[in-house]
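These notes are about the structure you will find just below.
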Amino acid sequence: MFKSLYSAEGSKINHSGRSHVGETMQLEGDLRSSGSIDIAGLINGNIFVSEMTVTETGSIRGTVEAATIEINGHVEGKILADSVIVGKTAVIKGDIFFKNTLKTEEGADIDGYIKRANNGKSNSEEDIAIEEIVERSESAPKPIHVVQQKKAV
């Protein structure tokens, strides 16, 4: 009835490690995998995977963390990845944080904040300059209001 994961010789059959959530499947809850996954159905929950592809029919409501992610469907939630590819049919409602690369095709609909994560490096020169401006404005002396006296005529 069920096929064994082992061949007749007893050696383990090679498996790609790629999982698939089909178009007719709906998953409620968090999903974690050290492998890759293709999403064609609906997931209501957070996803933590190595590599992920959201097809045109795929939809996610929750935070997504992956090393590499390609989005062609719908994502509603925060995206954190080393490399992000946003296809022309993608609809994203949430913030995108990427470390290395972000590629976006013309036609993609993104409603959120896009920011490059600092890759574990010290603050960039721009971040340091902004911090210095903020610190200067906080420590700047308060303006003195001068009241002019009017003479009676």
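Where does the charge balance sit around residue 48 when Lys and Arg score +1, Asp and Glu -1, over other residues with C-beta under 10 Å from its C-beta? Walk me through the intermediate numbers first.
Values: positive: 32; negative: 30, 65.
Result for the local shell: -1.
When each of the peptides 40-47, 51-58 is scored by how many other beta carbons lie within 10 Å of its residues on average, the order from highest to lowest is 51-58, 40-47. Alpha-carbon geometry of region 44-88: the Rg and the Dmax are 9.2, 24 Å, given in that order. Working from label points 7 Å from Cα in the Cα-to-Cβ sense, the residue 102 to residue 18 distance is 2.7 nm.
Any read-out appearing in this document is the output of simple, stated calculations on the displayed coordinates, not a laboratory observation. Only a predicted model underlies this, so the values are computations on that prediction, with no experimental measurement involved. Note that we place each Cβ from the backbone using ideal geometry, even for glycine, and neighbour counts take in every protein chain shown.
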